[in-house]
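See structure below.
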Amino acid sequence: MAIETFVQEDVTEGGLMAAEERWSIQWSSIIAGAFAAGAMSFILVGFGVAIGLGVSSASPTWRDASAALALLSGLYLIIQAIVSFGFGGYIAGRTARPAPALATIEDDGERRDGLHGLTSWALAMLIGAALLAIIGAAAIDRSPMRSSAGNASSAEPLLSYELDKLFRAPRRAANTDMREARAEAGRILMTSSSHSGVGTDDRAYLVQQVVALTGLSAPDAERRVDGSIAASQTAISRARRNSVIVAFSVAAAALIGAAVAWAAAVAGGRHRDGEPLPNWMASSNRFHRGRRAMPVP
């Protein structure tokens with residue numbers, strides 16, 4: 001009786017230890033996969049920007065880009081996420097220690113490797129978001145609009161060309177400060193994308209400002225203001241379209257990247273253990289050398 005109790009306790013303790021070891025997280029493999037995914041993503045995004053496939057740009061000419069180019073840029077963002085997170089997930093699954101032989105569920109090893117790939121994907125996403133936040137904060141602090149926040153307008157980076165054209169004059173005094181007038185006109189032009197558009201009073205005020213600052217006649221100033229309002233409405237509409245494409249592409253790339261990281265980590269774990277892959281993963285066998293033959297039961 002004493003012998004049976006001792007053996008049962010030993011098996012129970014061994015089973016608990018094996019279960020804990022089976023579901024333990026190996027942060028070294030996760031960090032390696034996250035850094036591998038980040039490095040690959042940096043390379044592919046840099047290549048995409050170099051060939052003109054960025055989903056956004058600071059250049060004013062980007063507003064004239066077609067919807068097809070914006071969609072192609074979003075598609076490239078999704079493709080680079082598949083490649084990057086697939087590479088990182090494979091590294092996380094391949095470098096993780098194999099699960100212990102004692103297992104009660106056949107796919108415990110696949111779940112364990114898949115969770116390593118998914119955690120590596122999450123870590124890479126958090127690192128990328130933190131870097132973007134730091135770069136964005138630094139860019140805002142160094143922006144010249146930061147020092148003159150009272151005269152700043154959110155329309156300045158978007159409608160800078162329209163504001164230049166609105167207040168263009170052949171002759172102007174050298175010390176004329178146009179920042180306040182440009183900021184106020186920019187806020188008025190931003191209302192052109194609303195349902196009601198630019199109000200009559202705002203339009204008349206813009207005409208007065210153009211006459212005072214450029215020296216144009218009233219009819220010429222009215223034509224210039226009407227052209228600026230129409231151009232601003234088009235620019236805002238295109239910027240809104242590109243923002244929707246950016247948001248959808250980023251969300252789709254993140255979700256697809258999570259699934260790819262899981263599948264790639266499972267493939268990496270199977271290659272590590274010398275096991276055959278499912279048919280839909282069979283193409284990744286080319287990365288595995290010296291696959292051991294599985295014993296036939």
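Selection of the range 76-97 for residues being without any contact (Cβ under 8 Å) to a residue 40 or more places away in the chain and open to solvent by 70 Å² or more (accessible area, probe 1.4 Å) yields only 79.
Among the residues of the range 246-261, is there at least one that is at pLDDT below 85, within 35 Å of the chain's Cα centre (by Cα) and under 30 Å from residue 188 (Cα atoms)? Yes, the range 246-261 has at least one match. Only one of the numbered conditions (1) within 26 Å of residue 160 (Cβ to Cβ); (2) modelled with pLDDT of 55 or more is violated by residue 59, and that is (2). Just checking, does the range 235-250 include any residue being open to solvent by less than 20 Å² (accessible area, probe 1.4 Å) and touching a Gly at 6+ places or on another chain (Cβ under 8 Å)? Yes: the range 235-250 contains one or more residues that are open to solvent by less than 20 Å² (accessible area, probe 1.4 Å) and touching a Gly at 6+ places or on another chain (Cβ under 8 Å).
Scanning the range 178-195 for residues that are open to solvent by 30 Å² or more (accessible area, probe 1.4 Å) and assigned to a helix (DSSP H, G or I) returns 179, 180, 182, 184, 187, 190, 191, 193. Contact map, the range 194-216: residues that are at negative phi and touching a residue at least 12 places away in the same chain (Cβ under 8 Å) paired with residues that are assigned to a loop (DSSP other than H, G, I, E, B) and aliphatic (A, V, I, L, M), Cβ distance under 7 Å, separation 6+ or inter-chain. Pairs shown: 210/216; 213/169; 214/169. In the condition set (1) within 30 Å of residue 115 (Cβ to Cβ); (2) modelled with pLDDT of 85 or more; (3) open to solvent by 60 Å² or more (accessible area, probe 1.4 Å), residue 201 is compliant with all but (1). If you go through the range 104-121 and pick out every residue that is over 28 Å from the mean Cα position of the chain (by Cα) and either open to solvent by 10 Å² or more (accessible area, probe 1.4 Å) or at pLDDT 90 or above (or both), you end up with 6. Taking residues in the range 218-247 that are closer than 30 Å to residue 77 by Cα, and partners anywhere that are among the aromatic types (Phe, Trp, Tyr) and open to solvent by less than 50 Å² (accessible area, probe 1.4 Å), the pairs with Cβ atoms closer than 8 Å and at least 6 places apart or on different chains are 242/62.
Residues of the range 196-209 that are in contact with a Ser or Thr (Cβ under 9 Å, 6 or more places away or on another chain) and part of a helix (DSSP H, G or I): 202, 206.
Of the residues examined, residue 232 is not one that is within 12 Å of the chain's Cα centre (by Cα) and among the polar types (S, T, N, Q).
The values are calculated or read from the model by the stated rules, or taken from the named source; none is laboratory data. Given the structure is predicted, the values throughout are model-derived calculations rather than measurements. Cβ atoms come from the backbone with ideal geometry, glycine included; neighbour counts cover every protein chain shown. Ligands, DNA and RNA are stripped out before the accessible areas are found, and what is left, the full protein with its side chains, is counted by its heavy atoms. Shrake-Rupley method; radii C 1.70, N 1.55, O 1.52, S 1.80 Å.
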